[in-house]
Ligand SMILES: [Zn+2]
């Protein structure tokens, strides 16, 4: 199946983003269970058009975890933050009391070499596995902090036991924040609280079109328990996570960048968790 994908792609010499015909993309979509409707409008859009002044999404999905960590450190410095790069994570203090969290690793072993883009420019995938989980979250955070100076935490090795989050919890860094927003959830409008919430907090998010979902632990499960503040994991627009057929809907990313930017602008008090979420094994 992967060889078929590569054969179908027309490589453009100037960019590794391959524009493929609608027919071929529909076939790819079917393989990846996307469904055809999402790729129905044929508009050629540069996926990096709105991000020329920062690391592009294309770069973010192509970097190894190691290279991405270095790139983010210099990006945060360039944005005027003073990032603290530690074993397992990068943390940067902000002045808006909300901490945004994403993880740097993906489950895919191969480096992304080719990116396939749907005819409408919204869906991107890669024969190597696009790694939207959680590179979509990393990208969204960089976009959000351009305007809203939140605290930022990028963790390493979430997929192999949330090792970076554990290192952060063990560190002396204890930011004064009101709540945590993680961008590491599949789909378009999920909000997962892992019991790290209270009724007012979850009600607040459901007003922003997010619906409460349940799922296993992620990084915030550890971090929220450590800091004693409420936390939510919001959809970052990736689908088919942990599979080669993973894809990212860029329009969902854009919508949720907007949405998160709106709700973090609303001032709140410190939101404590109703009952401390227990740290997982
Ligand atoms: Zn993830």
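The values are calculated or read from the model by the stated rules, or taken from the named source; none is laboratory data. If you're wondering where the values come from, they're calculated on a predicted model, not measured in any experiment. With ideal geometry, Cβ positions are generated from the backbone for all residues, glycine too; neighbour counts draw on all protein chains shown.
Summary table
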| item | result |
| --- | --- |
| Set 134, 184: member being in a helix (DSSP H, G or I), within 15 Å of the ligand (Cβ to nearest atom), touching a strand residue (DSSP E or B) at 6+ places or on another chain (Cβ under 7 Å) and within 14 Å of residue 106 (Cβ to Cβ) | 134 |
| Residue match in the stretch 114-128 (condition: within 16 Å of the ligand (Cβ to nearest atom) and not in a loop (DSSP other than H, G, I, E, B)) | no |
| Evaluation of residue 161 against (1) surrounded by fewer than 24 Cβ atoms within 10 Å (Cβ to Cβ); (2) touching a residue at least 40 places away in the same chain (Cβ under 8 Å); (3) within 16 Å of the ligand (Cβ to nearest atom); (4) over 14 Å from the mean Cα position of the chain (by Cα) (one fails), failing number | (2) |
| Top-ranked residue in the stretch 82-101 [being assigned to a loop (DSSP other than H, G, I, E, B) and on the phi < 0 side of the Ramachandran plot; ranked as surrounded by the most Cβ atoms within 10 Å (Cβ to Cβ)] | 83 |
| Selection status of residue 104, within 16 Å of the ligand (Cβ to nearest atom), in contact (Cβ under 8 Å) with a residue 12 or more places away in the chain, within 19 Å of residue 143 (Cβ to Cβ) and surrounded by 21 or more Cβ atoms within 10 Å (Cβ to Cβ) | yes |
| Residue that is surrounded by the fewest Cβ atoms within 10 Å (Cβ to Cβ), among those in the stretch 187-203 that are out of contact with any strand residue (DSSP E or B) (no Cβ under 6 Å at 6 or more places or on another chain) and modelled with pLDDT under 80 | 199 |
| Filter result (touching a strand residue (DSSP E or B) at 6+ places or on another chain (Cβ under 7 Å) and part of a loop (DSSP other than H, G, I, E, B)) within the stretch 59-81 | 81 |
| Condition check for residue 144: within 16 Å of the ligand (Cβ to nearest atom) and crowded, with 22+ Cβ neighbours inside 10 Å | no |
| Condition met for residue 237 (on the phi > 0 side of the Ramachandran plot and in contact (Cβ under 8 Å) with a residue 60 or more places away in the chain) | yes |
| In the stretch 138-156, residue farthest from residue 259 (Cα to Cα) [restricted to those that are under 14 Å from the mean Cα position of the chain (by Cα) and assigned to a loop (DSSP other than H, G, I, E, B)] | 156 |
| Residues of the stretch 164-176 that turn out to be surrounded by fewer than 21 Cβ atoms within 10 Å (Cβ to Cβ) and either closer than 21 Å to residue 265 by Cβ or within 16 Å of the ligand (Cβ to nearest atom) (or both), as a count | 3 |
| Answer residue from the stretch 215-235, given it is assigned to a loop (DSSP other than H, G, I, E, B) and within 16 Å of the ligand (Cβ to nearest atom) and is surrounded by the most Cβ atoms within 10 Å (Cβ to Cβ) among those | 218 |
| Matching entry among 66, 81 (being more than 16 Å from the ligand (Cβ to nearest atom) and either more than 27 Å from residue 241 (Cα to Cα) or in contact (Cβ under 8 Å) with a residue 40 or more places away in the chain (or both)) | 81 |
| Test for residue 110: is it touching a helix residue (DSSP H, G or I) at 6+ places or on another chain (Cβ under 6 Å) and part of a loop (DSSP other than H, G, I, E, B) | no |
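Each row is one residue, and each column tells you yes or no for (1) within 19 Å of residue 85 (Cβ to Cβ); (2) outside any loop (DSSP other than H, G, I, E, B); (3) in contact with a helix residue (DSSP H, G or I) (Cβ under 6 Å, 6 or more places away or on another chain).
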residue	(1), (2), (3)
176	no, no, no
188	no, no, yes
191	no, yes, yes
203	no, yes, no
